[in-house]
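Structure first, then comments.
The values are calculated or read from the model by the stated rules, or taken from the named source; none is laboratory data. Since the model is a prediction, treat every value here as computed from it, not as a measurement. Cβ placement follows ideal geometry from the backbone for every residue including glycine, while neighbour counts extend to all protein chains displayed. Remember, those area values only see protein heavy atoms, side chains included, never the ligands or the DNA or RNA. Shrake-Rupley method; radii C 1.70, N 1.55, O 1.52, S 1.80 Å.
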Amino acid sequence: MEVRLQKYLARCGVASRRASEDLIRAGRVRVNGLVADLGSKVEPGVDEVTVDGKRIEGFFEHVTLMLHKPAGYVTSMKDEHANHLVSELVPEKEYPGLYPIGRLDQDTTGLLLFSTDGELGHALLRPKNHVPKTYIALVDGQISDSELTPLRTGILLDDGMTLPAEAKIVRGVEEQKARKLFEVSQTASMHTGKGMAAKKGNSEQSVVCLVLHEGKKRQVKRMLSAIGHPVLALHRESFGCLTLGSLPRGSWRLLSDQEVALLWSYMQ
Ligand code: URA
C-alpha cells in the first residue's frame, strides 16, 4: 500500500509531518534516486527513500485503540505505587510505544484512547483543537436546570475560567441506564479498591451530562463541586466522534483507519 512521502518520513522517525514537508520542499528527499515533491507517494519496503543521501527505513503503521476503562485503574503505563494500571488492560507488548491520550481519574470509567502516535495524542489534547468529550456524572443532591447555567457560560476554577460547556440533566430511560451503569461500576471497583461513594437507591442524587471542549485536571468534578453538587460517579461516554458502543467494560478495540482520520479532522 502506498503512503504519502511526508507520512513515511514521520513514521520512520525522521521528523514530524510538517518538518518532513519542509525537507521535501527543500529538495533534500529523493525517491528511487529522483528528487521528490509534496505529492510523492512511496511503497514501504519497495521504494528507496533518502534524505541528504541517507537511506530512510523503519516504516511502521501506528496503532490507535479505545479502552472501556473500569473503575479502580490508574491511567498510567508504569507506576510502582498503583495496585492496578490501565496498561494491564491493553496489548502493550504487541504494540510497543502504546500510551494513553489524556487521562481519566482512577474512579472514572469510560472511553480512554491509546496510541503509538505521539503526534496524534498531542494534537488531540491541544486546547485550541477543542475536541469535545462527553461525560455522564452522578451527582449529590437534586439539581435544577438553572444551576447548570454557570457551566454553560464558563466558571472560575482555581486554574482559570472554563470554556462554555454543554450541560443538561439526564432524565427518563437515559437516567435509568446511567444509574445502572454506575451501580455496575461501583460493584466492580470494590474488587480493585478505590471507587466513589455512589449509594444505591438514593433519590437525593441527579444524573448530569456535560460536554467539555477542553481537558483541565479533574475538570468535571471541580465544575460540579463548584455549583454545589459533588460528583459521586463519573463516566466518559465519548471522545470526539467516537463512542464506546457495546464495547464491554475492561475491553479494548483497534480504531479503523476511517476513525483515526475522523480524529485528525479535528486538527486546526
Ligand atoms: N474530569 C474529571 O473530573 N475526572 C475525569 O476522570 C475526567 C474528567
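Pairs linking a residue in region 78-96 that is over 16 Å from Leu67 (Cα atoms) to a residue that is modelled with pLDDT under 90, with Cβ atoms under 8 Å and 6 or more positions apart or on different chains, are Asn83/Thr192; Asn83/Gly193. Taking region 195-210 only, how many residues are within 12 Å of the ligand (Cβ to nearest atom) and modelled with pLDDT of 90 or more? Matching residues across region 195-210 total 1.
Being touching a His at 6+ places or on another chain (Cβ under 7 Å) and surrounded by 19 or more Cβ atoms within 10 Å (Cβ to Cβ) is a property that Tyr73 has. The single condition among (1) buried (at least 17 other Cβ atoms within 10 Å of the Cβ); (2) touching a residue at least 24 places away in the same chain (Cβ under 8 Å); (3) not in a strand (DSSP E or B) that Ser20 does not meet is (2).
For region 62-70, the condition holds for no residue, the condition being that it is touching a helix residue (DSSP H, G or I) at 6+ places or on another chain (Cβ under 9 Å) and open to solvent by 70 Å² or more (accessible area, probe 1.4 Å). Identification of strands (runs of 3 or more DSSP E) wholly contained in region 94-185 with 3 or more residues that are within 15 Å of the ligand (Cβ to nearest atom) and either closer than 30 Å to His62 by Cα or open to solvent by 30 Å² or more (accessible area, probe 1.4 Å) (or both) yields 109-115, 133-140.
Filtering region 76-93 to residues that are closer than 22 Å to Ser246 by Cα and open to solvent by less than 40 Å² (accessible area, probe 1.4 Å) leaves Val86, Ser87, Leu89, Val90, Pro91.
Would you say Arg236 is part of a strand (DSSP E or B) and within 14 Å of the ligand (Cβ to nearest atom)? Yes; evaluated as a whole, the condition is true for this residue. Applying the set (1) in contact with a strand residue (DSSP E or B) (Cβ under 9 Å, 6 or more places away or on another chain); (2) of a type outside the set (Val, Ile, Thr); (3) within 12 Å of the ligand (Cβ to nearest atom) to Lys217 leaves exactly one unmet item: (1). For region 209-226, does any single residue satisfy the condition of being among the aliphatic types (A, V, I, L, M) and in a loop (DSSP other than H, G, I, E, B)? No.
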